[in-house]
Amino acid sequence: MSFRARDWSSHPPLLYPDYKSTGLRGATRPLVPLPQGSTETTGPHYGAETLSPADADLTLNGRSSGEPLGERIIVTGRVTDEDDKPQAGMLIEIWQANAAGRYIHKADQHDAPLDPNFFGAGRCVTDAEGRYRFTSIKPGAYPWGNHDNAWRPAHIHLSLFGPSVATRLVTQMYFPGDPLLDLDPIFQATPAPARDRVVSTFDLATTEAGFALGYRFDIVLRGRDETPMERKP
């Protein structure tokens with residue numbers, strides 16, 4: 001197995017002044033390319049036997065006294081490689097804020113309520129066709145202090161463990177029509193031609209009547225049309 005060079009034109013720059021955290025963690029010297037060896041082309045295997053059905057349902061896995069609050073959603077899609085081949089048996093982990101825009105984390109001091117019935121994290125393994133599916137609560141926007149009156153658009157973080165180290169991806173999924181996208185430096189840092197790749201699409205076929213709206217988010221690990229990587233502080 002070998003991989004073509006990553007298409008950096010679809011990814012955010014390492015230093016993006018409007019996203020202030022990049023100044024503290026962005027590389028200031030050219031990256032050093034490494035030849036592909038077994039470390040880059042092989043990797044760990046994650047099996048479905050380590051998961052439970054509740055792991056992929058964030059409306060269930062954090063319950064302690066009742067239903068979590070907020071709008072129920074279903075997020076699904078396919079994971080493929082650069083040649084459109086489905087990636088089966090891949091572990092996908094997600095984490096997100098609750099409906100009020102609050103994470104269960106001591107560093108999150110946003111003045112919004114925590115939800116005692118929402119943990120905000122889940123995981124699943126892709127099937128033979130590379131498909132995945134999560135049930136959750138639509139996350140809320142939250143202030144993040146990057147600049148005056150800065151608010152992050154609603155988003156879900158995804159971490160994918162591919163069949164090798166070279167196919168590991170951490171990214172964010174946004175929701176269509178969010179007015180905060182035009183104001184968000186993290187989203188805007190992604191080159192314009194690639195921005196749609198991190199925005200989900202509403203999917204009526206996935207929507208369950210009387211229960212939850214459905215969103216589709218397909219992920220390409222490498223090569224042409226690859227999904228941009230998240231640039232975290």
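Bear in mind that the values in this text are calculations on the coordinates, not laboratory data. Computed from a predicted structure; not experimentally measured. A quick note on method: Cβ atoms are made from the backbone with ideal geometry, for glycine too, and the neighbour counts reach across all protein chains shown.
For this structure, a couple of remarks:
- Using the Cβ-Cβ distance between Ala88 and Ala205 with R0 set to 25 Å, the FRET efficiency from 1/(1 + (r/R0)^6) comes to roughly 0.70.
- Within segment 33-146: Cβ-based charge dipole about Cα centre, in debye rounded to nearest 20 (Lys, Arg +1; Asp, Glu -1): 360
- Within segment 60-199, DSSP assigns beta bridges of which about 95% are antiparallel (rounded to the nearest 5).
- Max mean-square fluctuation residue, GNM over the chain, Cα-Cα springs under 10 Å, options Phe187, Phe118, Phe211: Phe211
- Selection from Pro53, Gly120, Leu91 lying farthest towards where the dipole of segment 40-170 points positive, charges on Cβ: Gly120
- Per residue, the chain reaches -1000 deg cm²/dmol at 222 nm when only DSSP H runs of four or more residues are counted, each adding -39500 (n - 2.57).
- Point-to-point label distance, Arg168-Arg131, nm (Cα→Cβ direction, 7 Å offset): 3.0
- Environment charge of Ala112, counting only residues whose C-beta is closer than 13 Å and scoring Lys/Arg +1, Asp/Glu -1: -1
- Dipole of the chain, positive direction: furthest Cα of His11, Ala154, Pro33, with charges on the beta-carbon: Pro33
- FRET efficiency estimate (nearest 0.05) - Cβ-Cβ, Asp225 to Gln188, R0 22 angstrom: 0.65
- Share antiparallel - DSSP beta bridges, segment 146-233, percent rounded to 5: 90
- Computed from label points 7 Å out along Cα-Cβ, the spacing between Asp178 and Gln109 is 2.5 nm.
- Cα-projected label distance for Ser52 with Glu71, points at 7 Å along beta-carbon direction, nm: 3.0
- Computed FRET value (nearest 0.05) for Ser64 with Ser159, which takes r as the C-beta separation and R₀ as 25 Å: 0.50
- Highest-MSF residue in the chain out of Asp196, Asp148, Asp55 [GNM, Cα springs under 10 Å]: Asp148
- Cα-Cα separations in the chain greater than 33 Å, expressed as whole percent: 18
- Around the Cα centre of segment 90-173, unit charges on the Cβ atoms of Lys, Arg, Asp and Glu (plus for the first two, minus for the last two) sum to a dipole of about 120 debye.
- With 0.36 nm allotted per residue and the present C-alpha distance subtracted, the Leu24-Glu40 stretch has 3.0 nm of extension available.
- Listed residues Tyr132, Tyr103, Tyr19, most fluctuating in the chain (Gaussian network, C-alpha, under 10 Å): Tyr19
- Top positive-direction residue, dipole computed over the chain with Cβ charges, set Tyr132, Ala209, Ile104: Ile104
- Dipole magnitude for the chain: about 560 debye, using +1 per Lys or Arg Cβ and -1 per Asp or Glu Cβ, origin at the Cα centre.
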